[in-house]
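First up is the structure itself, then whatever we jot down about it.
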Amino acid sequence: MTDYHVFDPRQGHGLAHDPLNSIVVPRPIGWISTRSAEGALNLAPYSFFNLLSYKPAIVGFASTGVKDSLRNVRETGEFAWSLVTRPLAEAMNRTSAMVPPEVDEFELAGLTPAPSDEIAVPRVGESPVSFECKVTKILRLDGHAGNEGSSWLVLGEAVRIHIDRRVIRDGVYQTVLAEPVARGGGPTDYFWIGEENRFHMRRPD
């Protein structure tokens, strides 16, 4: 018989590190750039992030607590997402530092704020893929019993997408060429996608 560790997340997990961050893996990283109403730039990584819809092209990220990114999208209704790649992993990590709102994380991490076409928020110029997004909804994530949550889900429609042509082959975007990085379990684990991890499988007819 399997011996399970069983717990109610509302009461705590009883382990050295929250296992939820280790079970649902790997999680793509929302490298979110925003601009405040006063013009200050912010760039921060969010591991609660994903693509949620094709048409419209909706992406979402969740902020645990009210952080600069959330305040900025509430003020301006815009954000950009840039793909974190293996060569950019250390720069991404630098942008996770807890710094005052007036600190520009692009400058802190030595990154280029590339102009966007449809929004006033810059993209990460070194990233091979970026989405320009306009906010569609901001939702507080409450519990099933109506208890107020401390996290906020930001949903945005990608209105312009930039892809480096070097990661496109015969009209197909090649995930492995971009070397995307995802957040793993534990306090320090990350993973990146390489050719050795690829396998093929077709859906049944």
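Overview of values
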read-out: Within region 165-185, tally of residues that are in a loop (DSSP other than H, G, I, E, B) and either loosely packed, with under 14 Cβ neighbours inside 10 Å or more than 22 Å from the chain's Cα centre (by Cα) (or both); value: 3
read-out: Those residues of region 1-26 which are more than 21 Å from G149 (Cβ to Cβ) and out of contact with any Gly (no Cβ under 8 Å at 6 or more places or on another chain), in sequence order; value: M1, T2, D3, Y4, V6, G14, L15, A16
read-out: Which numbered condition V167 misses (of (1) within 28 Å of D8 (Cβ to Cβ); (2) touching a strand residue (DSSP E or B) at 6+ places or on another chain (Cβ under 9 Å); (3) of a type in the set (A, V, I, L, M)); value: (1)
read-out: Neighbours by Cβ (under 7 Å, 6+ apart or cross-chain): first from region 110-123, under 12 Å from K134 (Cα atoms); second buried (at least 19 other Cβ atoms within 10 Å of the Cβ) and among the β-branched types (V, I, T); value: V121/T34
read-out: Strands (runs of 3 or more DSSP E) enclosed by region 50-155 - at least 1 residues per element that are at pLDDT 95 or above, among the small types (G, A, S) and surrounded by fewer than 21 Cβ atoms within 10 Å (Cβ to Cβ); value: 58-64
read-out: So A89, is it over 14 Å from I32 (Cβ atoms), out of contact with any helix residue (DSSP H, G or I) (no Cβ under 7 Å at 6 or more places or on another chain) and hydrophobic (A, V, I, L, M, F, W, C); value: yes
read-out: Candidates T112, T85, T64 - the one that is of a type in the set (V, I, T) and closer than 28 Å to G149 by Cβ; value: T64
read-out: Residue within region 15-27 that is at pLDDT below 95, within 24 Å of L141 (Cα to Cα), over 10 Å from the mean Cα position of the chain (by Cα) and charged (D, E, K, R) present; value: yes
read-out: Cβ pairs under 8 Å, 6+ apart, first in region 20-47 and free of Cβ contacts under 8 Å to residues at least 40 places away in the same chain and more than 16 Å from S130 (Cα to Cα), second crowded, with 21+ Cβ neighbours inside 10 Å and not β-branched (V, I, T); value: A37/N72
read-out: Residue in region 136-151 that is in contact with a helix residue (DSSP H, G or I) (Cβ under 7 Å, 6 or more places away or on another chain), among the hydrophobic types (A, V, I, L, M, F, W, C) and within 17 Å of W81 (Cα to Cα) present; value: yes
read-out: All positions within region 73-110 that are under 16 Å from the mean Cα position of the chain (by Cα) and farther than 23 Å from A182 by Cα; value: V73, E78
read-out: Single residue of region 2-21 satisfying the filter (loosely packed, with under 14 Cβ neighbours inside 10 Å and of a type in the set (S, T, N, Q)) that is nearest to G186 (Cα to Cα); value: Q11
read-out: Subset tally (residues that are over 21 Å from R123 (Cα atoms), out of contact with any Ser or Thr (no Cβ under 8 Å at 6 or more places or on another chain) and in contact (Cβ under 8 Å) with a residue 40 or more places away in the chain) for region 154-191; value: 3
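The values are calculated or read from the model by the stated rules, or taken from the named source; none is laboratory data. Just so it is clear, the model here is predicted, and its values are computed rather than measured. Note that each Cβ is placed from the backbone with ideal geometry, even for glycine, and that neighbours are counted across all protein chains shown.
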